[in-house]
Each structure stands twice: as C-alpha cells, then as structure tokens.
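Structure, as structure tokens:
The values are calculated or read from the model by the stated rules, or taken from the named source; none is laboratory data. Note that this is a predicted model, so its numbers are computed, not measured. Here the Cβ is made from the backbone with ideal geometry for all residues, glycine too, and neighbour counts use every protein chain on show.
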Amino acid sequence: WRRTHYSAEITPEMDGQEVIVMGWVHSIRALGKIIFVILRDREGMVQIVAPKQKVGEELFSQIKKLGAEDVIAVKGKVIANEKAPNGFEILPLELEVLNTAQRPLPLDPAEKVPAELDTRLENRFLDLRRPKIQAIFKIRSEMLKSVRKTLYNEGFVEVNTPKLVASCTEGGTELFPISYFEREAFLGQSPQLYKQMLMATGLDRVFEIAPIFRAEEHNTRRHLNEATSIDIEMAFADDKDAMEILEKVVYNAFLDVYENRKKEIETLGIEFELPSEKFDRITYDEAIDIANAKGVEIEWGQDLSREAEKAIGEEMGGLYFITDWPTETRPFYTMPDEKNPNICKAFDLMYKDLEISSGAQRIHLYDLLVENIKKKGLNPDGFTYYLEAFKYGMPPHAGWGLGADRFTMVLTQQENIRECVLFPRDRQRLTP
Ligand code: ATP
Ligand code: AMO
C-alpha cells in the first residue's frame with residue numbers, strides 16, 4: 001500500500017473516490033453498531049466511519065480492536081457528509097494495522113489538558129504528535145527555508161565550519177571543554193573566527209546555519225546550551241550593510257511564514273502581524289535613557305540588565321535595533337568608531353525585550369586586533385591561526401548571528417525557548 005492522500009488533501013467533492021490514508025488513531029468511539037475513528041496524519045485529521053452493516057462483520061471487529069495511537073493504513077471511499085468534520089468521512093473497505101501502541105500512553109497526544117513541559121519533553125516524540133506542537137516546527141522550517149532563500153538571493157555562499165575548536169570567541173566562561181586526544185578542546189560557541197577568516201579568501205559573502213554550544217550558567221526561558229545560529233559575514237561592507245541584510249532576512253521570514261503557514265498560525269491561535277520592512281533604530285544612549293526614565297538604573301558602559309531590556313522593550317514594542325554600543329561591552333573583534341573609540345560599530349536586533357541577533361563591523365587591521373585581544377585580557381598566542389588571516393590582505397567586513405531558536409519564539413509567540421527546539425539541551429536535560 002502507498003498513501004494516496006494526506007487528510008487535508010481530501011475534499012467533499014471527491015465523494016465516491018477511493019483513497020488510502022495512513023496515520024495514527026487519534027481517537028476511537030464505538031457506539032454499538034457504528035464506530036468512529038479519527039485518523040491523524042501530518043496535515044490534519046480525517047474521520048473514518050464504520051457502520052457494522054456496511055463494512056461487514058470482519059472489518060468491523062478489526063476496527064473495534066484498535067487503540068489510541070495505533071498506526072493504521074485505511075483504504076476507503078470518500079463520502080461527502082455535512083455532519084462530519086470538514087464535510088466528509090471515509091467508509092473503510094480495508095484496514096491494515098501497521099503497528100500497535102502500548103498502553104497506557106506516557107502522554108496522550110489527544111488529551112485536551114496540556115501536560116507539564118517536563119513531561120512533554122521527556123516524551124517529546126508523543127508531544128510532537130500534537131498539531132499545536134508540530135505547527136511550531138513547521139513554522140521554524142518555513143523560517144529556515146526563507147532565510148536560505150533570501151541569503152542565496154543576496155549572493156551568499158553557504159558554508160560549514162568546525163565545531164571542535166581550540167579557542168573561545170564570546171568570552172571564556174561559557175565554554176564546554178572536551179578532551180581531544182591528548183589536548184584540550186572546546187565545543188564551538190560561535191563560527192565567529194572562521195567566518196571572519198573566510199573574508200580573507202575572496203568568498204565575500206558567507207552564511208552558516210549550525211549549532212553553537214554555550215555552558216550557560218542560568219536556566220532561563222531564552223537560553224539553551226545547544227542553540228542553532230544563523231551566521232553571516234560579508235566583505236567590503238560595514239555595520240550598516242549587515243543591518244540591511246538582517247532586515248531583509250527577518251522581514252522576508254515573517255512574510256513567508258505569514259503567506260505559507262496560515263494553517264499553522266491558526267492552529268497556534270496567535271495574532272500574526274507583519275512588521276514594517278525597516279526596523280526602528282535607537283542608540284545605546286537612547287536605550288539607557290528609556291530605561292532610566294522608567295526607573296531602571298543603568299550606568300553608561302554596562303551591558304543592559306534584564307530589567308533594562310524589559311523597560312526598553314515595553315517602550316519600543318516589536319522589532320528594533322540598538323546601535324552604538326560602548327566598546328567595553330562587546331567582544332574583541334568589534335570595530336571601534338573612528339571618531340569616538342569608546343563606542344563601537346555593533347548592533348543588537350531586539351524583539352520587545354528579547355535579543356534575537358547581534359552583529360558588528362569587525363576589526364580588519366592586524367595591529368588593532370592584537371591590541372584589542374590584549375585589552376580584553378586574552379592571549380594573542382591562542383589566536384595565531386585566526387590572526388594569520390589578517391596579515392596578507394583582509395578586506396573590511398561585517399556580520400551577525402541570529403538565534404534560530406529565539407527567532408522561532410518570536411514567529412510562533414512562545415514564551416519558552418524549549419518549545420521551539422525538538423530536543424532542547426538545558427542545564428538539567430541531556431536526554432532525549
Ligand atoms: P444507529 O441507529 O445506527 O445505532 P445511532 O442513532 O446510535 O445509530 P447516530 O445517530 O448515527 O447513532 O450517531 C450517534 C452519535 O454520533 C450522535 O451523537 C451523532 O451526533 C454522532 N454522529 C453521527 N454521524 C456523525 C458523523 N458523520 N460525524 C460525526 N458524528 C456523527
Ligand atoms: P551572540 O553571542 O550575541 O553573538 O549570539 C548571537 C545570537 O545567538 C543567539 N544565542 C542563543 N540562543 C539561545 N541560547 C543561547 N545560549 C544563545 N546564545 C546566543 C541569540 C543571539 O542574539 N559572534 C557573535 C555574532 C556576530 O557578531 O556575528 C555572537 O555569537 O539570538
């Protein structure tokens with residue numbers, strides 16, 4: 001047997017046509033001489049109706065034995081019926097049980113009352129059978145497809161860089177050390193150094209969608225220990241150019257989800273609004289003014305506290321950039337402003353109080369870069385392989401990292417990042 005239709009592909013107009021549907025027994029209702037089975041597949045649900053006198057003794061008793069979450073294939077006839085969900089049902093001619101499900105189920109996908117997040121994540125494969133949960137990952141997939149489309153259109157080359165690495169990029173405390181034969185190594189926190197090195201090759205515009213690993217101390221609703229980062233780097237470009245690409249990538253993803261995932265948006269029950277094509281821009285100074293005005297104390301030169309982010313997010317709403325950051329708040333590779341080296345050419349893209357992307361124009365000058373590494377208390381010897389690329393013709397360049405999981409939170413309006421990852425890794429969770 002081969003599936004001829006997904007549930008959502010069948011319409012009442014197909015009345016009388018024979019189809020083969022495959023999926024899981026979502027629910028079963030036996031009412032004496034008639035049994036209703038709701039079959040669930042990726043695209044929705046379809047009602048199988050089995051009146052004893054029509055399907056015959058043998059098929060009727062076979063259907064009667066079915067249990068929740070058994071995997072079945074049904075060959076049957078489409079019957080238009082106004083009383084049935086979606087205006088049709090399927091009268092079975094043959095049924096094959098492809099596999100049975102043990103009972104009781106550790107988590108019932110058909111259950112109306114949602115289980116605790118912990119229980120759901122423990123039984124994620126069952127949790128993922130719920131249309132609402134699947135909708136999140138269909139939207140995530142649409143977003144990734146859209147991001148790739150935009151970046152290919154903008155002339156970016158997709159690359160893959162190593163995840164087993166020798167040095168830190170985003171500060172030393174969040175590293176996962178591992179043993180690499182006789183040496184110490186780390187899981188990559190960011191493709192930062194590699195994507196910059198690629199700017200010395202003439203590839204000009206590169207992007208990578210890959211895992212990043214961070215030993216985050218805190219268990220929060222927006223941090224993972226393994227996240228997916230969408231990274232770009234572009235040569236002969238500055239921070240403004242990188243921001244423009246980010247606007248296109250983010251806006252197009254909103255647009256594609258809006259246009260191609262209407263069903264999933266409805267399943268999630270969210271109000272989905274398209275942003276404007278250009279996002280607001282405020283400077284760090286303006287951001288701290290907003291925070292201070294709302295009674296959140298923040299001194300110039302500090303990174304924004306959680307409280308400050310919340311205050312600023314409340315004022316700004318939707319998507320907005322924060323630019324002109326104090327140089328001391330940003331990593332060593334960030335280009336300082338020529339006129340005022342206390343601020344640098346870095347930006348964050350925020351959605352309300354959530355940072356979804358960080359980027360900057362980078363230092364492309366060898367001496368300045370070495371000096372900056374030292375200023376941050378790091379040893380340039382640990383970065384030799386990276387620094388070499390700056391000696392023999394490195395063009396000016398800029399780029400950003402956009403958290404795919406956080407972006408999915410925004411697109412699906414989830415409060416907890418774990419909802420947007422199939423098998424999240426947090427402080428407590430290493431399985432499944
Ligand atoms: P019978 O007289 O053959 O025993 P019945 O009277 O017990 O049948 P129905 O009236 O056919 O059963 O339906 C029983 C229940 O199923 C009712 O609550 C009805 O609303 C519901 N029902 C009937 N047909 C459909 C359908 N096609 N889709 C969904 N629900 C249905
Ligand atoms: P940054 O450290 O700000 O910048 O990371 C970029 C984006 O990645 C996402 N992100 C995370 N998401 C979930 N859990 C985490 N633990 C986590 N850490 C980061 C966020 C964040 O905005 N090299 C720079 C980027 C660049 O300048 O190109 C960097 O890594 O959405």
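Laid out as a table, the results:
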| read-out | value |
| --- | --- |
| Qualifying residue in segment 314-324 (condition: more than 23 Å from V250 (Cβ to Cβ), of a type in the set (D, E, K, R), modelled with pLDDT of 95 or more and away from ligand 1 (no atom under 16 Å from the Cβ)) | no |
| Number of positions in segment 345-378 that are under 32 Å from the mean Cα position of the chain (by Cα) and free of Cβ contacts under 8 Å to residues at least 40 places away in the same chain | 3 |
| Test: residue in segment 100-109 that is within 30 Å of P12 (Cα to Cα), surrounded by 16 or more Cβ atoms within 10 Å (Cβ to Cβ), within 16 Å of ligand 1 (Cβ to nearest atom) and not small (G, A, S) | no |
| Qualifying residue in segment 230-237 (condition: buried (at least 20 other Cβ atoms within 10 Å of the Cβ), more than 11 Å from ligand 2 (Cβ to nearest atom) and assigned to a loop (DSSP other than H, G, I, E, B)) | yes |
| Positions within segment 1-54 being in a loop (DSSP other than H, G, I, E, B) and within 11 Å of ligand 1 (Cβ to nearest atom), in sequence order | G32, K33 |
| Answer residue from segment 312-338, given it is over 30 Å from N379 (Cβ atoms) and of a type in the set (D, E, K, R) and is surrounded by the most Cβ atoms within 10 Å (Cβ to Cβ) among those | E315 |
| Filter result (touching an Asp or Glu at 6+ places or on another chain (Cβ under 9 Å) and either part of a loop (DSSP other than H, G, I, E, B) or at pLDDT below 95 (or both)) within segment 243-274 | R261 |
| Restricting segment 384-432 to residues that are aromatic (F, W, Y) and assigned to a loop (DSSP other than H, G, I, E, B), the residue that is farthest from E264 (Cα to Cα) | Y392 |
| Residue in segment 280-297 that is of a type in the set (K, R), more than 27 Å from Q361 (Cα to Cα) and touching a residue at least 24 places away in the same chain (Cβ under 8 Å) present | no |
| Residues (of a type in the set (D, E, K, R) and part of a strand (DSSP E or B)) located in segment 89-104 | E89, E94, E96 |
| Flag if T327 is within 16 Å of F347 (Cα to Cα) and hydroxyl-bearing (S, T, Y) | yes |
| Some residue of segment 349-371 being in contact with a Pro (Cβ under 9 Å, 6 or more places away or on another chain), under 23 Å from R281 (Cβ atoms) and surrounded by fewer than 18 Cβ atoms within 10 Å (Cβ to Cβ) | no |
| Number of the exception - K376 against (1) within 15 Å of ligand 2 (Cβ to nearest atom); (2) modelled with pLDDT of 95 or more | (2) |
| Residue check for L66: within 16 Å of ligand 1 (Cβ to nearest atom), at pLDDT 95 or above, buried (at least 16 other Cβ atoms within 10 Å of the Cβ) and under 13 Å from H26 (Cα atoms) | no |
| Residue in segment 250-260 that is within 12 Å of ligand 2 (Cβ to nearest atom), of a type in the set (A, V, I, L, M, F, W, C) and closer than 23 Å to F207 by Cβ present | yes |
| Selection count where residues are within 14 Å of ligand 2 (Cβ to nearest atom) and touching a helix residue (DSSP H, G or I) at 6+ places or on another chain (Cβ under 9 Å), scope segment 160-190 | 8 |
| Given (1) farther than 22 Å from M335 by Cα; (2) crowded, with 18+ Cβ neighbours inside 10 Å; (3) touching a Phe, Trp or Tyr at 6+ places or on another chain (Cβ under 7 Å), index of the condition A227 fails | (3) |
| Which numbered condition N86 fails, given (1) within 14 Å of ligand 1 (Cβ to nearest atom); (2) over 34 Å from the mean Cα position of the chain (by Cα); (3) outside any strand (DSSP E or B) | (2) |
| Test result for D118, buried (at least 17 other Cβ atoms within 10 Å of the Cβ) and closer than 30 Å to P424 by Cα | no |
| Meets criteria (basic (K, R), surrounded by 15 or more Cβ atoms within 10 Å (Cβ to Cβ), more than 16 Å from ligand 2 (Cβ to nearest atom) and closer than 18 Å to E111 by Cβ) for R29 | no |
| Evaluation of V97 against (1) in contact (Cβ under 8 Å) with a residue 40 or more places away in the chain; (2) of a type in the set (A, V, I, L, M, F, W, C); (3) within 23 Å of L39 (Cα to Cα) (one fails), failing number | (1) |
| Candidates E158, E154, filtered to the one that is surrounded by fewer than 21 Cβ atoms within 10 Å (Cβ to Cβ), more than 20 Å from P331 (Cα to Cα), touching a Phe, Trp or Tyr at 6+ places or on another chain (Cβ under 7 Å) and not β-branched (V, I, T) | E158 |
